[in-house]
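Peer 1: Structure in structure tokens, see below.
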Amino acid sequence: MGQFNVVVLGAGGVGKSALTVRFIRDEFIENYDPTIEEEYRRAITVDGETSSLEVLDTSGAEQFTSMHEVYIKAGKGFILVFSLTQETSLKEVDYLRKQIFRIKGNDSRVPIVIAGTKLDLVNEREVPTNTIQTLASRWQLPFYETSAKRNWHIDDIFNDLVRQMRKQYRQQDGPKKRGPCVIM
């Protein structure tokens, strides 16, 4: 069973914790309580293969952004979260995406999924679908529009990320080479 560290990043108040808790415990958090750092574990079966995820829900508060570099170094896969009701939150996603590639290396295929939250708040939507399609094409990353409240597309995000991590880290690991046999 593969074990992967997943880091959930994004601006404050965009729904990182709601998304994470919906995936981990299948519950919706109604009240916003700013997170400093929460760590969760869950086994997930994707394409008939089980993996263990260690999910780190990070703070979006500005005073804790210095920790992002530590999280990025330790992470194997990333969910970058923005709110469909807050267009400015996309700028933070772009900044985080660039920071991940700076730390992990531009030439590597870092497993990343972009999640737009609060899809159920149709009347408050600020981010047009064509903006998301343009960025998905330019960044060559999968985007999902989600609702933690309605449980829309939450599993899709994690399934996609698991597939990316399996592909990326199996290629890097490759077959294990054995050393020479020495008999004394």
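Since every read-out is calculated from the coordinates, none of them should be taken as a lab result. Since the structure is predicted, the reported quantities are computational estimates derived from the model, not experimental observations. Note: ideal-geometry Cβ built from the backbone for every residue, glycine included; neighbour counts use all protein chains shown.
Peer 1: Quick one: order Glu49, Glu92 by neighbouring beta-carbon count within 10 Å, fewest to most. Could the numbers behind the result be given before it?
Peer 2: Working: Glu49 12, Glu92 20.
If I rank by nearby Cβ atoms, fewest first, I get Glu49, Glu92.
Peer 1: Provide the FRET efficiency to the nearest 0.05 for the Asn123-Glu87 pair, computing r from the beta carbons and using R0 = 22 Å.
Peer 2: Details: r = 15 Å, r/R0 = 0.68.
Working from the Cβ atoms, E equals 0.90.
Peer 1: Oh, and also: Treat each spin label as a single point 7 Å out from the Cα along the C-beta direction, and report the Arg41 to Lys98 distance in nm.
Peer 2: About 3.8 nm, to one decimal.
Peer 1: Within 13 Å, Cβ to Cβ, of Ile132, how many net charges do the neighbouring residues add up to if Lys/Arg are +1 and Asp/Glu are -1?
Peer 2: Taking every other residue near Ile132 into account, the sum is -2.
Peer 1: Can you give the net charge of the other residues whose Cβ lies under 13 Å from the Cβ of Gln99, counting K and R as +1 and D and E as -1?
Peer 2: Result for the local shell: +3.
Peer 1: Just the C-alpha atoms of the range 2-173: what Rg/Rh do they give, with Rh taken as the Kirkwood radius?
Peer 2: 0.93
Peer 1: Can you give the extra length, in nm with one decimal, that the chain gains between Asp156 and Asn31 once fully stretched, where that is 0.36 nm per residue apart less the Cα-Cα distance?
Peer 2: Going from the current span to full extension adds 42.6 nm.
Peer 1: For the range 117-160, taking Cα atoms only, what is the radius of gyration to one decimal and the Dmax to the nearest whole Å?
Peer 2: Over the range 117-160's Cα set, Rg and Dmax evaluate to 11.2, 29 Å.
Peer 1: Give me the net charge of Phe143's neighbourhood, meaning all other residues with Cβ under 12 Å from the Cβ of Phe143; Lys, Arg count +1, Asp, Glu -1.
Peer 2: Surrounding charge for Phe143 is -1.
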